[in-house]
Amino acid sequence: MKRRMICLLLALTALAGLLVPAYAAPETEPAAIPEQSTDPDTDVLAPADPPVPGTDGETETEPSPLPSPQTSGWKKEGGKWYWYADGVKLTSQWITDGDGTYYVDGAGAMCTGWFTVDGVYYYANKSGLRQTGWLKSGGSWYYLDPATGAMAADGTFAIGGKEYMFTASGAMRTGWISLGGGDYRYADPSGALVNGQWVKSGKSWYYMQPDGLMTRDGVFTIGGKDYLFDASGAMRTGWIGVDIDDYFYADASGVLIRDQWVKSGKSWYYMRPDGLMVKDGTFAIGGKDYMFSASGALRTGWIGVGGGDYRYADGSGALISEQWIKSGGRSYYLKSDGLMARNEAVGKYWVDGSGAWTATWSDAYGMYDNTTVYVSRNGKIHLYSDCSGMKTYVTMTLAQAVSRGYVACQKCF
């Protein structure tokens, strides 16, 4: 009897199981989709976490429910921001959000600071917003393309009507910039490259040509005036040696002097039309003759020319000819060739071996102007008709001979 009751109960239990409805609710509720929340740091609406897929289409652990198909935007995970589009995390691409542009890396994390895309540098601020225009970073200035944000690097770029040069790392260059081969460009403190202008650097002046290259090692015409620059590009002033012993002269402003007088120290010098200094000889300048030493200094006063002969230059340096001068209290005569007369008659006057005027003929020799003298074919005045075996002569008075410019025979007088 007892066995019969047990069998009956088992049969009833099996029958009850077959009668349960197919749509009965499970014993536990599924996890609800979490609500979106606003991150206090950025005030950007953060979406819910995406599901974590398993390797075989199933999850190894209980996944978070999928967001709805409309779920898009930024989500902060592990201290980093990610962008979801319809629940899918985007990677390695630009994101446009409102008026701003952002970039997410290969892991989907939003980039900040410097980052590269296809070898090009970009910069995003702390909020991830891509920057454009000028940017100061680490003490240097950089330029980011206004349209793309790409960093300018390794070259010259026109920005706002001016040219700027950037290193391979993108830093803006200032000061002297070597281009190789001895060529240089110059950027002012603002970074703008200087073209067609003077630049003072240290204690020297330099000139940047219209193409921006520094002038160097030669003579250049700038604003209608000539300037000379050394191999380093510095403008020269004062005396400038060229070749072995030739010189140019540039005034304090650097302008080369041509066809002009120059006073240097206590001496005067003359620069020829080609700019070279005259030296070591006699030169006609402005209708007058001047004599210069081997150093180029203008000579004044008595100038020995060899063989006991002298010339004389006045205080201006002009050589005197056909004129009496007074020197040291005595009178001297400079003949038509500029040489000082000596031991000869000058008109009715006699100059001795030093060239100084001694007296008139009559005073010097106790003679009267009407004394008869003999003039030889070589123009010498003789007291004796047979002087030195003279064969041919002309007789005249002493006054006549002197007036005609004949000179005394030193044997007779």
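Out of (1) among the β-branched types (Val, Ile, Thr); (2) closer than 27 Å to residue 160 by Cβ; (3) modelled with pLDDT under 95, what's the single condition that is false for residue 117?
Here residue 117 clears every test but (3).
Which numbered condition trips up residue 325, out of (1) part of a loop (DSSP other than H, G, I, E, B); (2) closer than 21 Å to residue 307 by Cβ?
Only one criterion is unmet by residue 325, namely (1).
Residues that are over 30 Å from residue 284 (Cβ atoms), open to solvent by 80 Å² or more (accessible area, probe 1.4 Å) and of a type in the set (Ser, Thr, Tyr): does region 377-392 have at least one?
Step one: filter region 377-392 for residues over 30 Å from residue 284 (Cβ atoms), giving 377-378, 380-392.
Checking the rest, the ones that are also open to solvent by 80 Å² or more (accessible area, probe 1.4 Å) come to 377-378, 384, 386, 388, 391.
From what's left, of a type in the set (Ser, Thr, Tyr): 384, 388.
There is at least one residue in region 377-392 that is over 30 Å from residue 284 (Cβ atoms), open to solvent by 80 Å² or more (accessible area, probe 1.4 Å) and of a type in the set (Ser, Thr, Tyr).
Out of 405, 338, I need the residue that is in a loop (DSSP other than H, G, I, E, B), among the small types (Gly, Ala, Ser), modelled with pLDDT under 85 and closer than 28 Å to residue 305 by Cβ. Which one?
Numbers: 338 fails: modelled with pLDDT under 85.
Going through 405, 338 in turn, the sole match is 405.
Considering region 141-178 alone, what residues qualify as being free of Cβ contacts under 8 Å to residues at least 12 places away in the same chain and closer than 26 Å to residue 234 by Cβ?
Passing the criteria: only 178.
Which of the residues belonging to region 175-200 are open to solvent by 70 Å² or more (accessible area, probe 1.4 Å) and more than 19 Å from residue 231 (Cα to Cα)?
189
Take residue 247 and tell me if it is out of contact with any Cys (no Cβ under 8 Å at 6 or more places or on another chain), open to solvent by 40 Å² or more (accessible area, probe 1.4 Å), assigned to a strand (DSSP E or B) and free of Cβ contacts under 8 Å to residues at least 60 places away in the same chain. Before you say what the answer is, go through the steps one by one.
Working: out of contact with any Cys (no Cβ under 8 Å at 6 or more places or on another chain): yes; open to solvent by 40 Å² or more (accessible area, probe 1.4 Å): yes; assigned to a strand (DSSP E or B): yes; free of Cβ contacts under 8 Å to residues at least 60 places away in the same chain: yes.
Criteria met by residue 247.
Can you pull out the residues in region 266-300 that are over 16 Å from residue 249 (Cα atoms), open to solvent by 30 Å² or more (accessible area, probe 1.4 Å) and assigned to a strand (DSSP E or B)?
Within region 266-300, 282, 283, 284, 288, 289 qualify.
Listed residues 213, 228; which is touching a Gly at 6+ places or on another chain (Cβ under 8 Å) and either closer than 30 Å to residue 284 by Cβ or surrounded by 15 or more Cβ atoms within 10 Å (Cβ to Cβ) (or both)?
On the way: 213 fails: touching a Gly at 6+ places or on another chain (Cβ under 8 Å).
After applying the criteria, what remains is 228.
From (1) surrounded by fewer than 16 Cβ atoms within 10 Å (Cβ to Cβ); (2) closer than 30 Å to residue 263 by Cα; (3) among the small types (Gly, Ala, Ser), pick out the condition that doesn't hold for residue 313.
(1)
How many of the residues in region 192-205 are among the hydroxyl-bearing types (Ser, Thr, Tyr) and over 11 Å from residue 176 (Cα atoms)? Reasoning before the result, please.
Restricting attention to region 192-205, the residues satisfying the condition of being among the hydroxyl-bearing types (Ser, Thr, Tyr) are 201, 204.
Then keep just the ones that are over 11 Å from residue 176 (Cα atoms); that gives 204.
Qualifying residue count for the region: 1.
Mind counting the residues in region 120-141 that are open to solvent by 70 Å² or more (accessible area, probe 1.4 Å) and either within 23 Å of residue 165 (Cα to Cα) or of a type in the set (Gly, Ala, Ser) (or both)? I'd like the intermediate steps shown before the answer.
The initial filter retains those residues of region 120-141 that are open to solvent by 70 Å² or more (accessible area, probe 1.4 Å), namely 121, 126-127, 134, 136, 138, 141.
Applying the additional criterion that residues be either within 23 Å of residue 165 (Cα to Cα) or of a type in the set (Gly, Ala, Ser) (or both) yields 121, 127, 134, 136, 138, 141.
Qualifying residue count, region 120-141: 6.
The values are calculated or read from the model by the stated rules, or taken from the named source; none is laboratory data. No experiment lies behind these values; they were computed from the predicted model shown. As a convention, Cβ positions derive from the backbone with ideal geometry for all residues, glycine included, and neighbour counts pool all protein chains shown. For accessibility, only protein heavy atoms count, side chains too; no ligands or nucleic acids. Shrake-Rupley method; radii C 1.70, N 1.55, O 1.52, S 1.80 Å.
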